[in-house]
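Notes to accompany the following structure.
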Amino acid sequence: MAIKTIFVVGAGFMGAGIAQVGAQAGYEMLLYDISSEAVDKGFNTAKKNLSRNVEKGKLTQEVMDKTMSLIKPSTSLNDGAKADLVIEAVFENLDIKNEIFSTLDGVCPPNTILATNTSSISISTIANSVKRKDKFIGMHFFSPVPVMRLCEIINGINTSAETYKIAEEVAQKMGKETVKAKDVPGFIVNRINAALRQECYRCMEEGVATPQDIDKALKAGLNHPMGPFELGDFVGLDVGYNVINTLYNAYKEPKWAPNLTLEKLVKAGDYGRKTGKGWYDYTSGERKSRTDVSF
């Protein structure tokens, strides 16, 4: 089966990135969200990313224009009828994902492959919302998608070998390194990364070091491009909180219990960069230590 048209559900930071790399690979990308404003924002995110590459001389204006012409806006799930492959990239909420896939299962042609970009939820669990379980798979991209090289490919219990092969080929054509992961909560990277963050939170709460010094230590000592607190703010503390809750609910082990300070920030609506405050304060336009809370 040849993949020509990909329907991306969710025009947020992840969805926009997937649409961009898909268009750069030559696929026709349909970028969906519930409002035209959200779709426009995602479209402009991709455009801004490509414009930077043009300014740096990494891309010609002609190639950028051709790439952007392959990204088409959508505000109707019925457009899934045009797709050979669906990649869902919405909020990490099982009920929302189930509702979307249940609808798409009735809209998309029988041969359309349905993929989820979930970062931690079981693929087989989400696949319960559709009848074509053999054509359901996980394609977990990493943020920011145009920069990060990895895509985890995860089979559900009933995913066919053909579906896996096609998903792997699509990801590789998008310029990604692929790895095969078992269908366990957190898969590979997020499970390991969540364990690292949990230990960083413990060090903070035990007074071993401040978030700033922990970030500095891991960047200088382990060569991480971003510290765990910086990265949490970049991705969104709400996203990290949902991931750790998924792991805790699945494994029932104390080491995965959600950190209380993280929970406090999330309940206060301090999600990081996108809200202006998280582990750090961004309200001045720069990243600064928070003075209104004590870590």
Rg(Cα)/(2.2 N^0.38 Å) for segment 5-181, N = residue count: 0.96
Stretch gain in nm, segment Ser69-Ser143, where the contour uses 0.36 nm per residue and the Cα spacing is subtracted: 24.3 nm
On Cα atoms only, tilt of 161-173 relative to the major axis of the chain in degrees: 70 degrees
Selected from Val293, Ala38, Pro211, residue furthest toward positive end of dipole (the chain; charges at beta carbon): Pro211
In nm, spacing of pseudo-spin labels at Lys182 and Thr261 (7 Å Cα→C-beta vector): 3.4 nm
Charge sum, other residues only, whose C-beta stays under 13 Å from Ala127's C-beta, Lys/Arg counted +1 and Asp/Glu -1: +1
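So what is the 222 nm mean residue ellipticity for the chain from helices alone, if each DSSP H run of at least 4 adds -39500 (n - 2.57) and you divide by all residues, rounding to the nearest 500 deg cm²/dmol? Mind dumping the intermediate values first?
Working: 11 runs with 133 residues, N = 295.
Result for the chain: -14000 deg cm²/dmol, rounded to the nearest 500.
Excluding Asp233 itself, what net charge comes from residues whose Cβ is under 14 Å from its Cβ, given Lys and Arg +1 and Asp and Glu -1? If you can, show how the numbers build up before the last one.
Numbers: positive: Arg197, Arg273, Lys274, Lys277, Arg287, Lys288, Arg290; negative: Asp215, Glu230, Asp238, Asp270, Asp281, Glu286.
Result for the local shell: +1.
What percent antiparallel are the DSSP beta bridges of segment 5-181, to the nearest 5?
On the way: 5 of 30 bridges.
Of the beta bridges lying entirely in segment 5-181, close to 15 percent run antiparallel.
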Where only alpha carbons of segment 208-295 are counted, the Rg and the Dmax (Å): 13.3, 40
Positive-pole candidate from Tyr164, Pro73, Met148, dipole of segment 5-181, charges at beta carbon: Met148
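Among 41-51, 101-111, what's the highest-first ranking by average C-beta atoms within 10 angstrom per residue?
Numbers: 41-51: 18.9, 101-111: 16.2.
Packing proxy ranking, top to bottom: 41-51, 101-111.
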Within straight-line cross-link reach of Lys180, aspartates and glutamates at Cα separation under 12 Å, skipping those fewer than 8 residues along the same chain: Glu152, Glu168
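Based on Cβ point charges of +1 for Lys and Arg and -1 for Asp and Glu, what charge dipole magnitude is obtained for segment 54-161 about its Cα centre, in debye rounded to the nearest 20?
Values: 11 positive and 12 negative charges, 46 e Å.
In total the dipole reaches around 220 debye.
Where does the charge balance sit around Asn155 when Lys and Arg score +1, Asp and Glu -1, over other residues with C-beta under 13 Å from its C-beta?
For residues surrounding Asn155, the net value is 0.
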In degrees, nearest ten, helix 189-205 long axis to first principal axis of the chain (Cα): 20 degrees
Positive-end residue of Ala250, Leu231, Ala195, charge dipole of segment 190-281 with Cβ unit charges: Ala250
Test item: Cα-centred dipole of the chain, Lys/Arg +1 and Asp/Glu -1 on Cβ, debye: 420 debye
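Order these peptides, 56-64, 154-162, by their mean beta-carbon neighbour count within 10 angstrom, highest first. Please list the in-between numbers first.
On the way: 56-64: 11.6, 154-162: 17.2.
The most tightly packed comes first, giving 154-162, 56-64.
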Spatially close lysines, pair count over segment 210-295: Cα under 15 Å, gap of eight or more or interchain: 5
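No lab work stands behind these numbers, since they all come straight from the coordinates. What you see is a predicted model, and the numbers here were worked out from it, not measured in a lab. Reconstructed Cβ throughout: ideal geometry from the backbone, glycine too, with neighbour counts over all protein chains shown.
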